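Written below as structure tokens is the structure these notes are about.
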Amino acid sequence: MNRRNAIIVSLIVIVLIVLVAVAYVYIPRAPTTPTVLVVGTTEREETMDPSDSYNYFSVNMLQNTMATLLTYSQSGDGTLEPMLLTEVPTAQNGGISSDGLTYTLKLRSGATFEDGTAIDADTIKHSIDRAVGAKFDAASQQDRLAVPSFLLDAIDGANGYVTAYSGLTKDPPTHTQAEVDAAWANYVASGVEVVDATTAKIHMGRVWSPMQYLLAFTSMAPVNPNNYPADEFVPDPLEISASGPYQLSVFVSGERAELVRNTRFFGTPAAVEKVVIRFYETDAGLALAMATGEIDVAYRNLHPQAFQLLSVDARFKAEQGDSPVIRYLVFNSRDPPFSDVRLRQALAYAVDRGQIVKTVFLDTTQPLYSLIPRGMFGHEDVFQSAYPRDLARARALLTAAGYSEANKLAITLWYTPARYGTTEADVAVLLQSQWQETGLISVTLNSQEWGTYRQSFAAGQFRVFLLGWFPDYLDPDNYVFPFLHYASGGTTSFGSWYQNATLDQLIELQAQQSDPTQRAQTLSDIQDALAADVPYIPLWQTAQQVVYKKSVTGVILDDSQFFRYFTIRFT
Amino acid sequence: MPRATSSLRAYVLQRLALTVPMMFILLTLVFYFLRAAPGDPVSQILGERNAQFADVIRKQLGLDRPLYIQYFDYLRRIFTGDMGASLFTQRPVAEDIAHRLPATIELTIASMAVAIVVGVLLGVVSATRRDRPADVASRLTAAVLYNTPIFWFGIIMQLIFAVGLGWFDVGGRLDARLPLPPTITGLYTVDSLLTGQFVTFLDALKHLVLPATTLGLVLSGFFARMVRANMLQSLQADYVEAAKARGVRRGDVFYHHALKNAMVPVATTIGLTFAILFSGAILTETVFSWPGIGLYVANAIGARDYPALQGAVVYYALIMVFVSVVIDILAAWLDPRIRY
Amino acid sequence: MATTTVSAGLLRRSMVGRALGIFWGQSRTVAGVLVWMGLVVVVAFVVVAVLAPWIAPYEPNFSVQSGATPPSSQHVFGTNPIGQDMFSRVVWGARVPLAVVAISSILSLAIGAPLGLVSGYYGGLLDRFLVLVMDSIYAFPGLLLAVVVAAVLGQGIVNVSLVIALVYIPTYFRVIRNHVASVKEELFVEASDALALPRMMVLTRYVLPPVAQSIPVIFSVSAADAILTQAGLSFLGLGLPVDIPDWGLDVSRAVQRGFQTNWWSAVFPGLAIISLTTALAFISEGLNDILNPLLRRRDTR
Amino acid sequence: MSLLDISHLTVAYRTRSGPIVAVNDATLRVERGTTVGLVGESGCGKSTLGKAILGIIPEGTRVEGSIVFDGVDLVAADEATLQKYRGRNLSLVFQDPMTRLNPLMTIRDHFVELIRAHEPETEKEDAEKRAREILAAVRIPPDRIKQYPHEFSGGMRQRIMIALALVFRPSLLIADEPTTSLDVIVEAQILELLRSIKREFDMGVLLITHNLGLVAEYADEIAVMYAGHLAERGGVLDVFEEPQHPYTKGLLESVIDLDTTELRSIPGQPPDLLHPPSGCPFHPRCPSVMPHCSTSFPPITRPREGREVACYLYS
């Protein structure tokens, strides 16, 4: 480097320093009249094709850009109201046939996509057919069976098609291509029917009361046929043809997404012209961004500590809402040692939910004493009365089962470190010390990443492990059927193998009971059985948290977990 | 000290020639490591349920075929530039990486600049004041810098300069309220300058400062060591003594003779430095939410997104080839002996 | 014959001499002081790790109270948000990096050194192939490699050590291979070849001793790196089960839990990492100065 | 007044193991227009003496006595004064030309740098012009000035080194083994070159070498050095015809016996300067050793005009 080079280099350095200084002084941190709302999140997208999308953030993006048939009320009480439909189909208004097998969808007129394409009954059929499982080409890796389509199994013919299709790909195949084609033809003929431009009918294969909720789900949302061919997935988020309040205009993975107001939206226009969603990698990063004012709203996921810190900050408003996500321990009740119900009960006695909720979550969540979440129809705190924390009774049960100080019950508690947030390890550590407090148990902790974890527990390699449930629809059925119904393979897929024929019957019964009192009684019986046999130990019900600047208003938290950007405005 | 003319050139040529088999070895290692992994990508895709679809998906991803067939298929695809689709976003991995590459390049260049400037300064101070307090101080600084956990350092930087003093933002590449510059090179600083968006340029620069300083300072410890060692050698070189004997000015002896000669071997190791830089980038990008390849890798690992991981490895191998060429040019620029 | 005996004798004498030099003769040079300071700190950490059960006032995993408290006379490093005593955790945490470094260094050495010896001594196609493979691994970002392998192997100190060993095998291999290749060229080895000494004997008697000198240097360099890699793995959530107190994990947990409210539960483990790695770096700097003849000051001429 | 008058010069390096006295109480003169040959075995301190004249020895080295050049004591002079003299009035040509040129700089850059170091106001073009002239004088094609050192042969590089040394027509040229690494024909060419420019510029030359043949042919005076001490000094013909110090005798014999530059035939090894023998350092190898040789260093005697010897045989 000669002198001239040295001078040039130092000049560049000086210019850079000056530029940074100028940047610091001149870039307005908060414009005087904010027109852009910035929301920070640590969530990330997966595929954004509505018929393929089953990830929280992707679905939430779709909810804000697409009009669904029904939607959750903005009152936040979890009730459904019409969006693209003119009314919520019920038995009373004839929307649901008396046998419960036909849903009549009456569309509002004048609704269009942002390119002007009208949303009519044909669009509905195109979209639902597509969601159930259009005949995607198995040879191409790009196309695979739609993940959320299993929710639509109850539609007439859908289940048969899905079964045939998956049979075709088994080794050796259990179904032929001809059978698949036939199953598809049967579904198309019987599943969704176009009556006229504004009326469509869905024919059900069986009575299934949660169907209403699915009408609010994005996999049934009408997609623009211009952008979404019947037999191909379109993962590109920018292909979303807006029918809802916003249009996605920019999507840079891991960096930002920009939503601009959709002027063709038939409903109330979005309050803010433009929303920028900013992605953060860690909870800590999100919390810091909120603290420095880089973002206006922080939603999902803040660590309880960070949430508490931000909530005492005078600049911000912190809000908490219920969430239907439940957390629990699973026992493998098929294999020893937990095939012995006494041990499951002993562990239930030794659990201290209060300490977990207080220490790890700083009382931002609530203990859970049943698999059906608090506030949901049929919920009863069965574990609160049956298993208060009682080390003496835990010890008695353990001693009865043959364990002593010299011969401790040795178990490994498994957890997965990332899927359920950064608090999971702390919960595991506390459970370890709570159980070891009996003096008769020695606990080892171990963890696996979710992909491995899921495989391991499904293969029966874990004896006791932490798990969580994100519901598919807000009905008690979704909290008992998958967990406790043995015949359908539910308990098996949970790594529990709990088997109780009486319970299977009760679960089937409640799904068909339309009388609330009768159904409540059935659900109560189910929960009593749950408390007696302890195949699971419910631990807590999660909360959803949001922090926003005091200059922001209109944030709605509700059970549906549908985070509405379009209601948020600056004061 | 005859720094053999041929050895340097041979080194660079060898590096270039070796990148092909090295790429191949890397790809093979990664393929087998990942396929041996117990984590099943299919389970990762599916939620708590839906086991009935696992077979279908596995078949469609080709995961049911014998391993060697998968391996050849994998090589064939990479050769044709098809790195498959991410299991999660369903977008082609090549596209994902192309989107994220500029962010990493921007961070890498800036960090490298910080590392070289600070590293050379520390190393030179150290070498010219050998065994005196300034040397000891520089070496201590370099040792502490290089041995600081980068994630911890990044967090401290955020706390001091973003949270405490409020000078910089805690993460990201650009203020969310500013529109993204049009994509020309993908480097926000360059694109905004090219299109004359001065405010965007300043903001992009402002966001770049903290992560680049974090990564650069840690790496500078490495450079300082190298510069010091090479400076000590070149300060003792015969031509330096000869220059002194001719009454050449101290500054000229220092720059033209000692420093420039010391930088030749330093420059040729930038390729290896890149491995350190990339390791650091995984952590730095995580801490600063910097949407580059490092972050992509971190996410892909957690999610067992094999195509994405493989894509990242292919990308890294390509970068190695590119870096080799750059080093070749740099070394030739620095050292006339390899300009033939 | 005379040549080989003299050379070997000189070699042995110089090794002993240098070893003594480090401890005595060099103690007043900068290099010597660096090595001394580093050794003192490392030994202190080893002592703390071994005596952890007696030094730590509390069980490291036990929730002694609910919630974070700043450093006080009762908890000198404070308690973290789930009420664990940070001092006890830092004390117990010393075991992890030391164990990982010990196991992984032995493994890297056990695999890298013989391969390097054989490769450097016999040369030829085997050498080329091994060099290629090792260079490929070496040029691969260490953390990326570690993360991939850690994801495959799963948790535990031994698994983490295996991962880290793999990353540092090429380091041992390269240095030893190059060293052997150059030592081989030297006269005394050629002489012993000419005298038809068994190859194994040549290797162990004349090649090994000078090569062995470089091992402490590689060790101290890679040990610091290994600790940082292990901490990085922990930060990314790969590595150890949470009931093993670990500095890297403690830092990342503290950060996840909201750093500002409990800075002490990140600062102290972080400082512990830096102290240990820097101490190791001092040792390597000093050893390098003392053992690397290229950097030794030209005293005469 | 002599051009260069070194008296009682002692140079002691500081090392970790203790001081090394490389030059011990040496006295030497070089006159304008004459060549003094400084001979001795490798490591005897000749090169140190050469470097000490220019003041390019490691910091912390102890230097005593005086080096008076052109009336200025270089030992007492500050760095700035020394800097002015180096390369301008006092030039040094090193032995190994292969490593003495900066591989990263063109020949032109070397000259420009040198000229501007001493005459900062010189334009690059003028400096280059001067360089071309001097290169032509040492018979290097001037249009190769933009080439790099590695493009030249060893002999050519040494010519370039000499050209660099001659830019400012120094009054004293120290040539430290200028031809050691070169073949015989090139050696002769280089030395002829040195001889002709010495005449042309009326320089004093201090020719440091271990090759007595060179001294015989090219030097006017000879100084023999052993283990830091000057053993004997005098006119070349005088010393060659009638060597007095036993070491000089040994040296001359070895030359006659082998007719090569090898000097191994004196029995024993040169002393370790870190632990030099007491008294006369040559006594362990001396064929005429006397008891008091090992107790103190012999005084310098002047058997005749222009002749000095340090040996008890003559006191």
Within the range B:176-214, take every residue that is surrounded by fewer than 23 Cβ atoms within 10 Å (Cβ to Cβ) and charged (D, E, K, R) and give me the one that is farthest from B:F161 (Cα to Cα).
B:D191
Can you list the strands (runs of 3 or more DSSP E) lying wholly within the range A:38-133 that have 1 or more residues being buried (at least 20 other Cβ atoms within 10 Å of the Cβ), among the β-branched types (V, I, T) and touching a residue at least 24 places away in the same chain (Cβ under 8 Å)?
A:70-72
Out of all the residues in the range A:504-518, is one or more among the small types (G, A, S), assigned by TED's automatic domain parsing to the domain that holds A:L371 and assigned to a loop (DSSP other than H, G, I, E, B)?
yes
What's the number of the only condition in (1) basic (K, R); (2) modelled with pLDDT under 80; (3) under 23 Å from A:D533 (Cα atoms) that A:R463 fails to meet?
(2)
A careful count of residues in the range A:401-440 that are under 30 Å from A:D283 (Cα atoms) and of a type in the set (A, V, I, L, M, F, W, C) gives 10
Across (1) under 30 Å from B:H207 (Cβ atoms); (2) within 7 Å of another protein chain (Cβ to nearest Cβ), B:A267 clears everything bar (2)
Residues (surrounded by fewer than 24 Cβ atoms within 10 Å (Cβ to Cβ), among the acidic types (D, E) and more than 8 Å from every other protein chain (Cβ to nearest Cβ)) located in the range A:277-316
A:D313
So the check is Cβ under 9 Å with 6+ separation or different chains; which pairs have a first residue in the range D:294-315 that's aromatic (F, W, Y) and a second one that's part of a helix (DSSP H, G or I)?
D:Y312/D:H292; D:Y312/D:C293
Hits in the range D:99-121 (condition: farther than 23 Å from D:A136 by Cβ and facing chain B (nearest Cβ under 7 Å))
D:T99, D:P103, D:L104
So which of D:L164, D:L135, D:L214 is in contact (Cβ under 8 Å) with a residue 40 or more places away in the chain, part of a helix (DSSP H, G or I), more than 14 Å from every other protein chain (Cβ to nearest Cβ) and not polar (S, T, N, Q)?
D:L214
Quick check: is even one residue across the range A:238-248 of a type outside the set (K, R), away from every other protein chain (no Cβ under 14 Å) and open to solvent by 50 Å² or more (accessible area, probe 1.4 Å)?
no
Give the range A:376-412 a look and list any residue that's free of Cβ contacts under 8 Å to residues at least 60 places away in the same chain and open to solvent by less than 20 Å² (accessible area, probe 1.4 Å), or say none.
A:A394, A:L398
Quick check: anything in the range B:270-277 open to solvent by 10 Å² or more (accessible area, probe 1.4 Å), at pLDDT 80 or above, closer than 20 Å to D:P149 by Cβ and away from chain A (no Cβ under 12 Å)?
no
Report yes if some residue within the range C:240-249 is open to solvent by 10 Å² or more (accessible area, probe 1.4 Å), at pLDDT 85 or above, within 19 Å of B:F288 (Cα to Cα) and in a helix (DSSP H, G or I); otherwise report no.
yes
Please go through the range A:181-209 and pick out each residue that is without any contact (Cβ under 8 Å) to a residue 40 or more places away in the chain, open to solvent by less than 50 Å² (accessible area, probe 1.4 Å) and in contact with a helix residue (DSSP H, G or I) (Cβ under 7 Å, 6 or more places away or on another chain).
A:A183
Criterion (surrounded by 23 or more Cβ atoms within 10 Å (Cβ to Cβ) and at negative phi) met by exactly one of A:R454, A:R463:
A:R454
When the range A:210-237 is checked residue by residue, the ones that are within 11 Å of chain B (Cβ to nearest Cβ) and either open to solvent by less than 10 Å² (accessible area, probe 1.4 Å) or among the β-branched types (V, I, T) (or both) are A:V234, A:P237
Expected output for the range B:222-244 (first residue facing another protein chain (nearest Cβ under 7 Å), partner open to solvent by less than 40 Å² (accessible area, probe 1.4 Å) and hydroxyl-bearing (S, T, Y), Cβ below 6 Å, 6+ apart or cross-chain) is B:D238/D:T99
Taking the range B:69-97, which residues are of a type in the set (F, W, Y) and more than 9 Å from chain A (Cβ to nearest Cβ)?
B:Y71, B:F72, B:Y74, B:F79
Scan of the range B:125-157 for residues that are open to solvent by less than 10 Å² (accessible area, probe 1.4 Å), farther than 20 Å from C:I290 by Cβ and more than 7 Å from chain C (Cβ to nearest Cβ), ordered by number
B:G154
When you scan the range B:158-175, do you find a residue that is in contact with a helix residue (DSSP H, G or I) (Cβ under 8 Å, 6 or more places away or on another chain), open to solvent by less than 50 Å² (accessible area, probe 1.4 Å), more than 9 Å from chain A (Cβ to nearest Cβ) and of a type outside the set (F, W, Y), even just one?
no
Exactly one of C:G116, C:G83, C:G78 is under 25 Å from the mean Cα position of the chain (by Cα), open to solvent by less than 10 Å² (accessible area, probe 1.4 Å) and either at pLDDT 90 or above or more than 24 Å from C:Q230 (Cα to Cα) (or both), and that one is C:G116
What number goes with the only condition from (1) open to solvent by 20 Å² or more (accessible area, probe 1.4 Å); (2) in contact with a helix residue (DSSP H, G or I) (Cβ under 6 Å, 6 or more places away or on another chain); (3) under 25 Å from A:W414 (Cα atoms) that C:G154 does not pass?
(2)
Output yes when any residue across the range A:365-375 is open to solvent by 40 Å² or more (accessible area, probe 1.4 Å) and part of a loop (DSSP other than H, G, I, E, B), and no when none is.
yes
Would you check which residues across the range C:141-173 are in contact with a Gly (Cβ under 6 Å, 6 or more places away or on another chain) and more than 8 Å from chain B (Cβ to nearest Cβ) and list them?
C:V160, C:V167, C:I169, C:Y172, C:F173
Restricting attention to the range C:250-273, and to residues there that are surrounded by 24 or more Cβ atoms within 10 Å (Cβ to Cβ) and assigned to a loop (DSSP other than H, G, I, E, B), which single residue is modelled with the highest pLDDT?
C:R257
Determine whether the range D:84-92 contains at least one residue that is open to solvent by 20 Å² or more (accessible area, probe 1.4 Å) and in a loop (DSSP other than H, G, I, E, B).
yes
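The values are calculated or read from the model by the stated rules, or taken from the named source; none is laboratory data. All values derive from a computational prediction rather than experimental measurement. Virtual Cβ from ideal backbone geometry, glycine too; neighbours counted across all protein chains shown. Protein only, heavy atoms only, side chains kept; ligands, DNA and RNA dropped before computing areas. Shrake-Rupley method; radii C 1.70, N 1.55, O 1.52, S 1.80 Å.
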